[in-house]
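Remarks on the structure that follows.
The values are calculated or read from the model by the stated rules, or taken from the named source; none is laboratory data. Because the structure is a prediction, the values reported are computed rather than measured. Cβ coordinates were reconstructed from backbone atoms using ideal geometry, including for glycine residues, and neighbour counts include every protein chain displayed.
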Amino acid sequence: MDWLEIVLSVIVFIVGGLVAYFGTKSSITSMVSYLIAQAEKTALSGSEKMQMVVSELYKKVPAMLRQLFTPEILQKLAQTIFDCMKEYALAWAEKQDEKTDEK
């Protein structure tokens, strides 16, 4: 087993643990999306917003799982979800621009 397989196995285990704890992938995504939306309403900088999201998410992790779900892991999860949200928003805005141009 090479390092890539080990890293991928660990990531799958961690995500699986999060999914098991929160019930479903959609509830994790919903929770992180909600926290991101709340952070976006503030006047904080980008890194401060991320810290806010990670901090709030970390509070929801049971104490016995905090060694597995470190703030660093939660930050990667939040960043991935943020990137997907941003990509979707940009695609939606582009479609709206195309509709406006057609008129």
* Test T80 against the stated conditions and say whether it is in a helix (DSSP H, G or I) and of a type in the set (S, T, Y). => yes
* Structure fact -> Here the qualifying pairs (Cβ atoms under 9 Å; residues six or more apart or on different chains; first in region 29-49 and touching a residue at least 40 places away in the same chain (Cβ under 8 Å); second surrounded by 17 or more Cβ atoms within 10 Å (Cβ to Cβ) and among the aromatic types (F, W, Y)) come out as V32/F82; S33/F82; I36/F82
* To do: Report yes if some residue within region 66-73 is surrounded by 12 or more Cβ atoms within 10 Å (Cβ to Cβ), assigned to a helix (DSSP H, G or I) and free of Cβ contacts under 8 Å to residues at least 24 places away in the same chain; otherwise report no.
  => yes
* To do: Could you check A91 against (1) at pLDDT 90 or above; (2) surrounded by 11 or more Cβ atoms within 10 Å (Cβ to Cβ); (3) among the small types (G, A, S); (4) more than 14 Å from the chain's Cα centre (by Cα) and say which number it fails?
  => (2)
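Going through S55, S47 one at a time, which residue ends up being touching a helix residue (DSSP H, G or I) at 6+ places or on another chain (Cβ under 9 Å), in a helix (DSSP H, G or I) and modelled with pLDDT of 90 or more? Write out each step before concluding.
Values: S47 fails: touching a helix residue (DSSP H, G or I) at 6+ places or on another chain (Cβ under 9 Å).
It is S55.
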